[in-house]
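These notes concern the structure reproduced below.
The values are calculated or read from the model by the stated rules, or taken from the named source; none is laboratory data. Here the structure is a predicted model, which means the values were calculated and not measured. When we count neighbours, we look across all protein chains shown, and the Cβ atoms used for this are built from the backbone with ideal geometry, even at glycine. Just the protein is used for accessible areas: all its heavy atoms, side chains included, with ligands, DNA and RNA removed. Shrake-Rupley method; radii C 1.70, N 1.55, O 1.52, S 1.80 Å.
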Amino acid sequence: MDILFDTEKGRFSYRVAGLAVQEGRLLVQRVKGDEGLSVPGGHVAFGETTEEALRREFQEELGLQAEIGGLAAVGEVFFPWNGPCQQIGLYYWVALPTEPWEGLRHGLDDGGQEREELEFLWVPVEKIQRGEAVFYLPQLAGHLTETGTLHFVSNQLEPG
């Protein structure tokens with residue numbers, strides 16, 4: 001069971017995601033029909049470590065065996081998702097046994113009660129850092145070529 005639940009004030013999400021940077025490009029995902037980009041990952045299941053969850057998500061969504069590296073960032077993210085959502089996200093460096101591909105790969109995600117079609121693609125890190133792509137967590141953009149662990153807060157909810 002995913003650590004994802006609704007309360008009377010909104011939804012809580014515990015998510016893990018991978019930062020795969022190869023040949024100057026970042027592997028990203030987007031929901032089909034949405035130009036906004038995020039990094040691949042998913043919800044942690046109860047009793048599962050974040051590394052186990054991330055390996056599982058890459059296998060389920062892309063059919064790839066991800067090698068999980070160190071913790072790159074911790075995010076406290078507030079955004080609209082059928083009402084307000086508060087998410088704790090752990091972002092790990094990831095190495096993949098594949099070269100970056102051209103074009104899109106498709107996958108499916110079961111997030112909560114919704115099933116979404118996902119598109120996976122490689123985008124130049126410089127394009128993300130220059131703001132030339134809609135990247136939902138811009139706080140991570142400057143960290144894609146850095147070391148150490150970043151802590152950030154992203155509040156996409158309107159005040160009030």
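Bridges between two residues of the chain, per DSSP, are antiparallel at a rate of about 70%.
Only helices enter the 222 nm calculation for the chain: every DSSP H run of n ≥ 4 contributes -39,500 (n - 2.57), and dividing by all residues gives -3500 deg cm²/dmol, rounded to 500.
Can you bin the chain into rounded, prolate or oblate? Criterion: square roots of the alpha carbon gyration tensor eigenvalues sorted a ≥ b ≥ c, rounded for a/c under 1.5, prolate for a/b above b/c, oblate for the rest. Taking the square roots of the gyration eigenvalues as a ≥ b ≥ c, the chain is rounded.
In a DSSP loop and with at most 15 other Cβ atoms within 10 Å, the trypsin sites (Lys or Arg not before Pro) in region 18-55 are LYS32.
Pull out a ≥ b ≥ c, the square roots of the eigenvalues of the alpha-carbon gyration tensor of region 10-55, then state rounded if a/c is under 1.5, prolate if not and a/b is larger than b/c, and oblate in the remaining case. Judged from the Cα gyration tensor, region 10-55 comes out oblate (a/c at least 1.5, b/c at or above a/b).
With contacts taken as Cα pairs under 8 Å and at least 6 residues apart, the chain reaches a relative contact order of 28 percent. A DSSP coil position with no more than 11 other Cβ atoms inside 10 Å describes the following chymotrypsin sites (Phe, Trp or Tyr not before Pro) in region 28-85: PHE46. For the chain, with the dipole built from +1 on Lys and Arg beta-carbon atoms and -1 on Asp and Glu ones, taken about the Cα centre, which of TRP122, ALA45, ALA141 lies farthest toward the positive end? Farthest towards the positive pole: ALA141. Springs between Cα atoms under 10 Å define the GNM used for the chain, and in it the highest mean-square fluctuation of GLY69, GLY107, GLY33 occurs at GLY33. For region 23-46 versus region 124-153, the spacing of their alpha-carbon centroids is 13 Å.
Of all accessible surface on the chain at a 1.4 Å probe, what whole percent is carbon and sulfur?
Ligands and nucleic acids excluded, carbon and sulfur give 51 percent.
For region 68-156, applying the loop criterion from DSSP together with a ceiling of 13 other beta carbons within 10 Å to the trypsin sites (Lys or Arg not before Pro) yields ARG130.
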